[in-house]
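Asks: Once you've had a glance at the structure underneath, I'll fire off some questions.
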Amino acid sequence: MCRDYGDRDRLDNFQLRTIVHVAQYGWSVVLVHADDARPGWAYTVGLWHSHRTPELAMFGGDVYETEEILNRLGRDAAERRAPADGELREGVVRGRAAAFRSIDPRWYDALFPGATAFYRRPPLPMLQVVWPDPENLFPWQPGTDLRFRHSQPWLWLNPAQHSAGVWTRRL
């Protein structure tokens, strides 16, 4: 963003809007709406550029709710309260905790093309914001139902280790 590579006249509206949002607010949130094949997700672009904190991604919920959560976490990061890998933070999702896990860079191109286009040279640090079910169980914990387990990918895993499904089809 801070360096003109001589191609700004060829950027599309999405890329230009992202640059404007990052310049104005410090980051942008990209929404990927659910369809018949997969749940929706959202991710940030610009937190690393503006605040040197990891970009954040959240899956499986309503994209507008995840946008609101990611913006709140972005404001926390801007105030030097950025989440860290392995952290469990209370009150993030509907008053419940969220877990933060580092995303394996092999997922970036398939799931975060807006971020890879913005930075032009990944990998950059990214954290997945993982939310619990109504009983406060995370997808990897015994007792969660199969549908909930599959609503959020396990991006801290190498894609080759991830179970086949809607998330690995994008690779």
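Where a number appears in this text, it was derived from the coordinates with a stated rule and is not lab data. Bear in mind that the values here come from a model prediction, so they are computed numbers and not experimental data. When we count neighbours, we look across all protein chains shown, and the Cβ atoms used for this are built from the backbone with ideal geometry, even at glycine.
Asks: Six or more apart or on different chains, Cβ atoms under 9 Å: show the pairs whose first residue is in the stretch 56-71 and over 21 Å from residue 124 (Cα atoms) and whose second is among the charged types (D, E, K, R) and not in a helix (DSSP H, G or I).
Replies: Every condition considered, the pairs that remain are 65/94.
Asks: Out of the residues in the stretch 29-42 that are touching a residue at least 60 places away in the same chain (Cβ under 8 Å) and more than 10 Å from residue 63 (Cα to Cα), state the one that is surrounded by the most Cβ atoms within 10 Å (Cβ to Cβ).
Replies: 38
Asks: Something else about it: Of the residues 115, 97, 110, 84, which is part of a strand (DSSP E or B) and either touching a Lys or Arg at 6+ places or on another chain (Cβ under 6 Å) or under 24 Å from residue 139 (Cβ atoms) (or both)?
Replies: Within the list 115, 97, 110, 84, the selection yields 97.
Asks: Let me ask something else about it. Checking residue 34 against (1) out of contact with any helix residue (DSSP H, G or I) (no Cβ under 7 Å at 6 or more places or on another chain); (2) assigned to a helix (DSSP H, G or I), only one condition comes out false. Which one?
Replies: Evaluating residue 34 over (1) out of contact with any helix residue (DSSP H, G or I) (no Cβ under 7 Å at 6 or more places or on another chain); (2) assigned to a helix (DSSP H, G or I) leaves (2) as the failure.
A quick yes/no check of all residues on (1) surrounded by 14 or more Cβ atoms within 10 Å (Cβ to Cβ); (2) hydrophobic (A, V, I, L, M, F, W, C); (3) under 11 Å from the mean Cα position of the chain (by Cα):
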site	(1), (2), (3)
52	no, no, no
106	yes, no, no
135	no, no, no
157	yes, yes, no
